[in-house]
Amino acid sequence: MWQSVLDAYRERIVDSGRQPLFLLLAGLIGSFLFIRFSVRMIRRGTSWWPGNVQPGGLHIHHVVFGQTLMVIAGVGSFAVRGNGETPWDVLGLVFGIGCGLVLDEFALVLHLEDVYWKEQGRKSVDAVILAVALIGLLLVGELPLGGFSRHLTAGQLVGAAVLLALIVVSLLKGKLWTGLIGVMVPLLPLVGAIRLARPQSPWARWRYRSRPKRLARAERRDARIHQRVVTFKTAAYNVLAGAPDKAAEAPAGAAVTTPEPVAAPPPPTAPPRPPAPWRARCALGAEWYLRVAAVLNLLAAPVAAFRDRVQRVNSGEFFTPVLMTAGITAALFAGLLAVMLRRRKRAAWIVATTVAGLYAVIFLVALAARPEHRAHPFNWVSAALTVGLLAALLAGRPVFHVRGERGNVLLGLGVLLGGTAVLTGLGAVLVRLTYTGAVPDWGACFGFVLLRLFTVSGFVTYTDVDVAGWLDLTLNILGAALFLLVLRVFFRSPRGEERLGPEDERRLRALLEQHGGRDSLGYFALRRDKSVCWSPSGKAAVLYRVVFGVALASGDPVGDPEAWPQAIERWRAAARANAWVPAVTGAGEQAGNAYRRAGLKALEFGDEAVVETAGFELDGRTMRPLRQAYHRVAKAGHRAVVRRHRDIPADELAELVHLADAWRHGRTERGFSMALGRLGDPADGDCLLLECRDENDRTCAVLSFVPWGPDGLSLDLMRRDRDSGNGLVEFLVTELLLHAARGELPVARVSLNFAMFRSVFEQGGRIGAGPVLRLWRGVLRFCSRWWQLESLYRANAKYQPQWRPRFLLYERPGELFAIVAANAAAEGFVTRPRLRRPRH
């Protein structure tokens with residue numbers, strides 16, 4: 001199909017001498033779309049966009065640049081002598097760009113005031129659409145007033161006069177579009193002249209005043225048909241050119257000023273009202289089309305015979321529906337669009353609508369212009385599916401309301417330019433190193449690599465360079481990967497930078513005083529890198545952090561369990577409004593049931609070790625390993641110092657914080673769901689600090705516990721000097737438990753570390769464990785070489801704790817990979833590469 005389209009373009013546009021007119025149309029449309037995008041960015045107050053041209057404080061409208069380009073191109077077209085095909089092509093493109101800039105401010109010229117963002121500014125969009133329609137009709141061979149031959153005849157003059165009269169009647173009847181486009185299409189003025197006039201038109205005032213029944217019919221027709229057309233036209237213009245300002249017009253006679261565009265207020269985080277059900281069904285239909293296209297492409301791509309057949313079909317007189325190409329790149333592209341549309345992202349809707357619209361236009365033009373294409377029913381089916389997808393996307397537009405992160409466009413362009421430069425340089429080096437004949441120059445290598453990065457092998461030929469098939473394929477794969485990466489950057493969700501404020505922290509502390517004993521992780525909700533969603537009553541809150549597009553909540557909601565559902569719903573609404581993936585890590589059983597009732601699925605992925613201090617002792621065979629480690633450290637002269645943070649002098653506390661930072665393993669702080677992320681803050685005076693001091697009274701290990709209700713503690717931080725001996729942490733924990741058991745500390749329970757997949761390690765080592773469980777245990781033991789999964793379980797098991805299950809909550813199984821990656825990043829196991837260390 002694509003080769004047929006190229007042949008049709010060459011035959012109908014190039015060979016017929018219409019290429020300058022085609023380039024004029026392309027320049028007009030391109031400049032109009034660009035300048036509309038530019039002024040909308042200025043209107044939003046986007047900081048990185050260049051903004052208005054204001055030399056010396058004088059605001060220069062872009063109509064001035066358009067007039068300049070039109071004058072240059074118009075004069076140049078008269079100055080070119082001979083055939084001048086290439087100069088005329090260039091001048092046609094420049095003239096079209098100037099037309100787009102001038103017509104975009106047609107309303108300013110008409111009203112002699114800046115009405116760009118007022119309702120009168122819609123006339124500029126009307127002018128552009130009318131110009132595009134007339135030039136398009138000229139391209140397909142239509143001529144004004146039926147056309148004239150070289151030698152005029154009486155019949156041609158009479159026909160033109162009749163057509164002109166019908167056009168005038170249509171205009172008088174208020175049918176502006178029918179009359180103006182009827183200059184090129186003779187049938188339209190005849191229809192406009194026969195049908196009823198608009199009730200506000202001059203024809204209705206002259207002819208219907210004495211005919212009330214006809215006027216009533218005209219009003220009913222106008223209300224039934226024209227108002228619906230106006231509603232659709234308004235919505236389409238809002239998408240294409242932006243909505244006008246709602247500010248009231250200035251009173252008549254008032255001085256008119258031209259204020260600078262100001263930043264629009266930030267868009268709401270959620271749509272003001274849910275879209276109509278039929279629009280949601282249209283959006284779902286478009287999403288499912290892309291899903292099916294992704295699956296079919298993925299299944300067909302490995303089958304070489306079928307893939308080659310599809311490519312031959314697309315190169316001949318047939319064409320397949322949009323994004324049905326039996327290719328891996330198309331499958332990934334369609335799948336990515338489907339995922340982003342499911343998350344209701346506006347950027348994904350724009351990309352999908354643009355692609356479907358371009359395909360629909362090409363298919364319809366091919367069917368209209370090429371009889372051999374119309375002869376195949378399959379082409380009509382492909383065109384119908386493509387147009388159906390476009391219609392579904394347009395109808396479902398209100399559903400896709402989620403805006404992306406500010407700066408996505410700039411970052412995406414940076415990734416595109418940087419990635420293109422790197423891949424082009426790398427590809428040129430590979431071409432020169434692997435070339436078998438006379439090595440081409442660098443310019444030819446760069447040109448070949450650029451062509452292969454942005455086109456498919458075989459679609460466009462490059463005769464100057466001939467490389468091996470594997471290198472050709474590699475360049476295509478790298479280009480596809482860069483394309484998908486740029487799209488992923490464009491689709492980034494907002495990062496959720498609203499952090500816990502002082503008032504939020506005060507309210508959370510008040511809730512923890514009342515309900516803090518319910519969850520051992522409750523105090524960790526006070527991490528200041530989290531965001532909070534409050535229930536309407538303020539009696540409960542969900543704390544979360546956005547990582548890799550995942551709204552990751554940790555632990556149980558804080559506050560009254562009766563208010564948990566409302567807080568959870570607020571959190572899920574925030575996730576939906578920003579296209580975040582909702583997930584919960586480390587939830588207890590009661591909270592897990594609350595999240596399940598809200599629509600999430602639960603997965604048990606570990607246990608929390610909780611030790612009851614009453615009756616804790618080191619006697620017995622099961623406590624022998626811990627007892628030996630404890631006595632070994634004690635005999636070496638070590639002792640434990642137990643104090644609340646508020647009881648430690650400020651200078652001594654600062655020194656302990658310095659030691660803890662120096663003993664930290666790795667550049668990032670580990671922990672999220674069971675870590676406070678700070679040490680020594682004055683607000684955390686109730687936290688308990690344990691020091692291990694050696695025989696020289698030197699601090700060699702530090703443990704910090706946060707409050708868990710009135711009589712509990714949760715382990716927050718463990719640090720030790722790596723040059724000291726082993727067993728210091730076990731010694732401090734044992735001292736804490738023994739102090740509490742003797743009544744020296746008002747502590748009834750202590751929460752220790754979290755052991756992921758504890759049941760697998762415990763049950764997989766028993767006699768009779770199945771092969772699947774043993775295999776899973778082996779995989780986890782292999783991973784423990786880096787992430788200490790088994791060692792944490794063994795270290796906690798020494799204290800004979802009670803194991804309390806913790807759950808991972810998710811919405812869709814397909815999102816588990818993203819959730820696991822986000823959880824690993826939040827806990828500090830995965831870090832993003834940085835050029836420099838962050839400042840604290």
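With the simple model of a label 7 Å out from the Cα in the direction of the Cβ, residue 11 to residue 794 spans 7.8 nm. Computed across segment 316-451, the Kirkwood radius stands at 18.1 Å (inverse of mean 1/r, all Cα pairs). Of the three principal axes defined by the Cα atoms of segment 481-563, the extents in descending order read 53, 22, 21 Å. The length gained by stretching the chain between residue 205 and residue 816 to full extension, at 0.36 nm per residue less their Cα-Cα distance, is 213.2 nm. Computed from the C-beta positions of residue 391 and residue 779 and an R0 of 56 Å, the FRET efficiency is 0.70 to the nearest 0.05. Projection of the Cα convex hull of segment 375-438, averaged over all directions and equal to a quarter of that hull's surface, yields 9.8 nm². Stokes-Einstein diffusion for segment 584-743 at 37 °C, viscosity 0.692 mPa s, with a Kirkwood radius from C-alpha pairs, works out to 187 µm²/s. Based on Cα atoms of segment 669-760, Rg over Rh with Rh as the Kirkwood radius reads 0.97. One equal scatterer on each Cα of segment 572-611, no solvent, Debye formula: the resulting log10 I(q)/I(0) at q = 0.27, 0.28 Å⁻¹ is -0.99, -1.02. The listed peptides 621-629, 592-600, ordered by packing as a protection proxy, come out as 592-600, 621-629 (highest mean of other Cβ atoms within 10 Å first). A DSSP coil position with no more than 10 other Cβ atoms inside 10 Å describes the following GluC sites (Glu not before Pro) in segment 479-574: 497. With the simple model of a label 7 Å out from the Cα in the direction of the Cβ, residue 245 to residue 657 spans 4.9 nm. What trypsin sites (Lys or Arg not before Pro) in segment 477-538 are in a loop by DSSP, with at most 16 other Cβ atoms within 10 Å of the Cβ? Those satisfying the criteria are 495, 499, 528. Between residue 49 and residue 614, the FRET efficiency from the beta-carbon distance, with R0 = 60 Å, is close to 0.35.
For segment 693-745, state which GluC sites (Glu not before Pro) are in a DSSP loop and have at most 12 other beta carbons lying within 10 Å of their beta carbon. Sites meeting the loop and neighbour criteria: 695, 744. Here each label is just a point 7 Å from Cα along the line to Cβ, and for residue 506 and residue 177 those points are 5.8 nm apart. Shape class of segment 538-605 from the Cα gyration tensor (axes a ≥ b ≥ c, square roots of the eigenvalues): oblate, since a/c reaches 1.5 or more and a/b does not exceed b/c.
Charges at C-beta only: +1 for Lys and Arg, -1 for Asp and Glu. How large is the resulting dipole of segment 640-763 about its Cα centre, in Debye rounded to 20?
420 debye
Once backbone amide H atoms are built at 1.01 Å from N, residue 644 has 689 as its partners under 5 Å, excluding neighbours fewer than 5 places away on the same chain.
Can you give the FRET efficiency to the nearest 0.05 for residue 89 and residue 589, using r as the Cβ-Cβ distance and R₀ = 51 Å?
Once rounded, the FRET efficiency stands at 0.10.
Computing Rg and the Kirkwood Rh from the Cα coordinates of segment 129-240 gives a ratio, Rg/Rh, of 1.05.
Full extension of the chain between residue 79 and residue 217 yields a length gain of 44.1 nm, computed as 0.36 nm times the residue separation minus the alpha carbon distance.
The length gained by stretching the chain between residue 759 and residue 112 to full extension, at 0.36 nm per residue less their Cα-Cα distance, is 225.1 nm.
Only the coordinates and a few stated rules stand behind these numbers; no lab work does. The model shown is predicted, which means the values in this text are computed figures rather than measured ones. Quick reminder, even Gly has a Cβ in these numbers, built from the backbone with ideal geometry, and neighbours come from all protein chains shown.
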